[in-house]
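Student: After the structure tokens below, expect a handful of questions from me.
Read-outs: derived from the displayed coordinates by stated rules, not from any lab. Not measured: the values here are computed from a predicted model. Cβ coordinates were reconstructed from backbone atoms using ideal geometry, including for glycine residues, and neighbour counts include every protein chain displayed.
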Amino acid sequence: MENKKDDGWEDFGPVEKLDVDEVSIIAIILAIFFPPLGVLLKAGIGPDLIINIILTLFFWIPGVLHAFWVILRR
């Protein structure tokens, strides 16, 4: 008899863990206070940075959301 705990998560297949390194953690913290700086750390100078600066100038929250998206997708 097996003592396997059935919590229902096996149905969803293997769970991929996020690979968050130290630079990502620092970039996320910076993105909360000044979103373009977090994007600059992860994406460098490019279209993502320009878009984030524009979003941050219009409204702060879209800039933060875009920064999180850029940081976590790389």
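Student: Over the range 21-73, what lengths in whole Å, largest first, do the semi-axes of the equivalent ellipsoid take, defined as the square roots of 5 times the eigenvalues of the alpha-carbon gyration tensor? If you can, show how the numbers build up before the last one.
Tutor: Working: eigenvalues 49, 26, 13 Å².
Each semi-axis is the square root of five times an eigenvalue, giving 16, 11, 8 Å.
Student: Go through the range 25-74 and name the chymotrypsin sites (Phe, Trp or Tyr not before Pro) that are in a DSSP coil and have 11 or fewer other Cβ atoms within 10 Å of their Cβ. Provide the component values of the computation, followed by the final result.
Tutor: Working: sites: 33, 58, 59, 60, 68, 69; in loops: 59.
Listed in order of number, the matching sites are 59.
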